[in-house]
Each structure stands twice: as C-alpha cells, then as structure tokens.
1. Which is farthest toward the positive dipole end of the chain among Val207, Pro361, Gly333, measuring Cα position about the Cα centre, with Cβ charges +1 (Lys, Arg) and -1 (Asp, Glu)?
2. Take the solvent-accessible surface of the protein heavy atoms, probe 1.4 Å, and return the percent of it on region 290-377 that carbon and sulfur atoms account for.
3. Would you mind working out the magnitude of the charge dipole of region 8-130 relative to its Cα centre, with +1 at each Lys and Arg C-beta and -1 at each Asp and Glu C-beta, to the nearest 20 Debye?
4. Starting from 0.36 nm per residue, how many nanometres of slack lie between Lys222 and Lys177 once their C-alpha separation is accounted for?
5. With the Cα gyration tensor of region 259-369 giving a ≥ b ≥ c as the square roots of its eigenvalues, does the rule (a/c under 1.5 for rounded; else a/b larger than b/c for prolate; else oblate) give rounded, prolate or oblate?
6. Suppose R0 equals 35 Å. What FRET efficiency, 1/(1 + (r/R0)^6) with r the Cβ-Cβ distance, do Glu106 and Gln315 give to the nearest 0.05?
7. In the neighborhood of Ala87, defined by Cβ-to-Cβ distances under 12 Å, what is the net charge if each Lys or Arg adds +1 and each Asp or Glu adds -1?
8. Before I look further, what does the chain give for accessible area per residue, probe 1.4 Å, in whole square angstrom?
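The values are calculated or read from the model by the stated rules, or taken from the named source; none is laboratory data. Every value quoted in this text rests on a predicted model; they were computed, and no experiment measured them. Every residue, glycine among them, receives a Cβ derived from its backbone with ideal geometry; neighbour counts consider all protein chains shown. Remember, those area values only see protein heavy atoms, side chains included, never the ligands or the DNA or RNA. Shrake-Rupley method; radii C 1.70, N 1.55, O 1.52, S 1.80 Å.
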Amino acid sequence: MTPLHHLRAGIIGTGFIGPVHIEALKRLGVQVTAICASTSSARKTAEQWGIDEVYGDYDHEAMFASPNVDVVHITSPNNVHVEQSLAALDMGKHVICEKPLGMTSEETARVVAAVKKGGKKGPVFAVNYMCRFFPAVLQMRALVERGDLGQIIHVQGHFFQDWLLHQTDFNWRVLAKEGGKLRAVGDIGTHWIDAVSFILGAKAQSVFAHIETFHKTRLRPKGQVQTFAKVDPKKMEPYKVDTEDFGSVLLKFGNSKHGYANGVHANASISQVAAGWKCSLALGIYGTKGSVQWDLQQPNEIIVGRRDQPNQILQRATPGFDVDVANFTDYPGGHPEGFSDAHKMHYRAVYEHIASGKKIPALFATAEDGHHEVKLCEAILQSSKTQGWAKI
Ligand SMILES: NC(=O)c1ccc[n+]([C@@H]2O[C@H](COP(=O)([O-])OP(=O)(O)OC[C@H]3O[C@@H](n4cnc5c(N)ncnc54)[C@H](O)[C@@H]3O)[C@@H](O)[C@H]2O)c1
C-alpha cells in the first residue's frame with residue numbers, strides 16, 4: 001500500500017461529520033494540518049485533534065492559500081459546497097466534498113466543468129458517497145459483475161432514520177434554502193441510489209416518486225444547533241416546513257457495461273421519521289440465479305439467497321468475500337467494521353488515487369456522479385409534483 005503521510009489535509013466544518021473525516025484521516029496516517037469553521041469551534045477542534053493551522057470566521061479562502069494543504073475536505077452545510085469546491089479547485093487543491101455536491105444541477109454543472117478544465121494533471125475531486133466502500137457493498141458489486149446472480153431483475157430497499165421524528169427535532173436540513181428542496185430523499189436517499197448504481201454498474205435514467213411532509217409545522221430553536229444535538233423545547237419557535245419527511249421512489253436504470261444489469265427497476269422507501277430505525281440503509285438485489293441482501297446496521301455480512309440451494313450468510317474478511325474486496329478492510333473477520341471504517345476506506349481510495357498520479361482506478365464518486373445525484377433529486381421533485389415519470 002502507498003504511504004499516505006506525505007499528503008496533508010485541510011478540513012472545513014467541525015459539526016457532526018467533520019470530526020469523522022479527521023478521525024479517519026488520522027487512522028490512515030494522513031496529516032491533518034488545517035481546520036476552518038467559526039473561530040471558536042475551529043480553535044476547539046484544533047486543540048482536540050492537534051491541528052496546527054486554524055482558520056476562523058469561515059475563511060476558507062485563507063485556508064486554500066496555505067502551502068501546507070494538499071487535499072480539502074468540505075464538511076460544511078450543503079448551500080456552500082459549490083462555492084467552496086470551485087474556490088479550492090481554483091487554488092489547485094484536491095477535494096473531497098460532502099454530499100450532496102450542491103443545491104441545484106445548474107451550480108453542480110460548474111464543478112463538473114472546473115474539474116474537466118483541470119484535465120488529466122488537474123486536481124482529483126470526490127463526492128463523499130462513502131457507502132460504496134463498505135466491503136459488503138463492494139462484494140455485492142463483485143457478485144453482480146461476474147454474473148453470480150444471473151441477469152438482475154429488480155432491486156428493493158429503504159433508508160430509514162428517526163432523528164427528525166418529533167416536531168421539536170430541528171436541523172438546517174429541514175430548511176430548503178439551507179439543505180436543498182429535497183431533504184430525506186436528498187440527504188439519505190441519494191446514498192441508497194448511489195450505492196445501488198455502484199453495485200449494478202448502471203445509472204438511474206428515470207424516476208417516479210411521491211414525497212410527503214408529515215410535520216407541516218415544526219418548532220425550531222432560536223440560533224444554530226449541531227446535527228443530532230438535543231435542544232430545550234421551551235426555547236423554540238414555530239416555522240412552516242418546506243421539505244419532505246419521507247418518500248417512495250421508483251427508478252429505472254440504464255445498461256451496465258458487463259451486461260448483467262440492463263434496464264433494472266428499483267424501488268426504495270426513504271424516511272427520517274421512522275421510529276426505531278437509526279441508520280438503516282437496506283437493499284436487496286434480485287437476479288435470475290440468486291439474490292443478495294444487506295443492511296448497513298449489520299454491515300459485516302450479506303445474505304445470498306438461492307431458489308434451489310441453501311441460502312448463505314457471507315461474512316467480511318472470510319473466504320465468502322473476494323480477495324480484492326479485502327483491500328478495503330483492515331481487521332480480521334469477527335472484528336466488526338462499520339460507518340467510520342467505510343469513511344476511512346473511501347479516503348484511502350481517494351488519497352491512493354492522488355498518490356499514484358491517478359493510476360489507481362477511481363472507484364469513488366466523481367463530480368459527475370455527484371452532479372447526477374442532484375439532477376436525480378430534481379427529477380424526483382418534478383415527478384412527485386406531476387405524478388408521472390420524469391427523465392434524469
Ligand atoms: N457522508 C456521510 O455519511 C454524511 C453524514 C452526515 C453529514 N454529511 C454531510 O456533511 C455536511 C455537514 O453535515 P453535518 O451533519 O456535519 O452538519 P453540522 O451542522 O453538524 O455541521 C456543519 C459544520 O459546518 C460549519 N459551517 C457552517 N457554515 C459554514 C461555512 N460557510 N463555511 C465553513 N463551515 C461552515 C458549522 O459551523 C458546522 O461546524 C452536509 O453536507 C451533510 O449532507 C454526510
């Protein structure tokens with residue numbers, strides 16, 4: 001494996017996911033040299049993690065000017081992703097941007113153009129659809145790619161959470177102007193769609209969707225809160241909700257290069273108000289020779305189903321998983337790996353791609369993939385309004 005300690009990272013954002021990036025990078029041996037956020041939280045995070053350069057007042061431009069940052073991680077809210085991505089690319093920095101890539105396809109197209117303009121020698125750009133890097137997801141992809149499941153017929157699943165179940169649960173994602181017009185589907189549904197697209201080796205081409213808002217009015221705290229933080233209901237005020245709590249999405253995929261997944265139909269239920277479900281991304285891929293199922297809440301195993309043979313439970317880091325999938329896992333079987341490890345494996349893949357001079361194939365989501373997910377969100381919104389199929 002290429003040593004990664006010569007590459008230096010600068011992080012924007014210190015909320016829920018920023019420290020997940022920092023921790024994963026530290027475990028990979030990447031130097032985290034700079035942090036950017038509000039002055040107080042940037043200082044606090046720098047102190048906690050031993051980060052030398054602190055850029056307060058959300059001054060990302062100052063951080064991009066630092067000669068000690070090679071790769072920028074954008075973990076700020078969605079409405080500043082494009083502005084920060086373009087500025088980082090302009091300074092010649094490699095970027096790992098949190099999903100979604102931006103608020104509208106009009107603005108994300110600018111990121112795609114900027115990456116293209118950089119050319120073969122230009123900066124590497126990745127969008128953090130890190131579910132691709134669960135070994136289980138890579139193994140499902142291998143099963144489909146080599147025809148073990150036969151011709152894929154359909155895909156089914158859900159992404160359920162419950163952290164926005166109560167009327168008093170608040171986060172900037174609930175506001176369309178801060179998180180984007182699609183919330184549950186845009187925030188977590190796109191992880192499901194990207195993972196399915198990665199497994200099939202095909203892109204979604206059209207959608208039929210229905211989205212609903214259960215809490216038409218919610219209560220919000222006066223001031224900002226971090227994701228998953230608890231707030232005293234007495235310090236809250238009512239506001240109208242302009243994003244959905246849950247939705248159902250039917251997707252029609254295009255053709256795959258390997259030919260085992262052509263024109264596949266998929267359906268997913270997405271909810272952030274599903275009591276008891278914390279972070280359940282579940283999917284089943286059904287083919288003519290067999291099926292495979294997985295749930296992110298049991299990330300280390302997949303169930304392979306057969307009509308005329310016994311079903312099997314295959315476990316990560318045992319002979320049930322392929323050798324190339326083993327490059328994306330660090331611990332032996334029976335020693336669980338999960339959410340933070342998938343982040344770590346994603347960043348390793350991106351940094352190795354950078355360190356190899358782009359010679360190692362890019363399995364990660366590119367700016368084009370991120371742009372496609374935003375176009376998909378727009379089609380989902382349109383379909384839900386017109387109650388008909390919409391093309392992406
Ligand atoms: N890939 C994943 O698994 C995953 C998981 C959670 C969140 N996310 C994504 O990460 C991003 C952040 O989500 P979060 O849950 O950490 O939110 P959060 O609200 O907990 O944190 C956001 C952080 O960004 C800072 N910030 C706000 N405006 C900024 C600006 N203009 N410049 C720099 N920093 C700014 C805030 O102070 C805060 O530190 C979102 O885009 C979200 O979709 C991805």
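1. Val207
2. The computed percentage sits at 52.
3. In debye, rounded to 20, region 8-130 gives about 500.
4. Computed gain between Lys222 and Lys177 is 14.5 nm.
5. On the way: a/c = 1.38, a/b = 1.33, b/c = 1.04.
Since a/c stays below 1.5, the shape of region 259-369 is classed as rounded.
6. 0.20
7. Cβ neighbours under 12 Å give a net charge of -2.
8. Working: 17330 Å² over 392 residues.
I get 44 Å² per residue for the chain.
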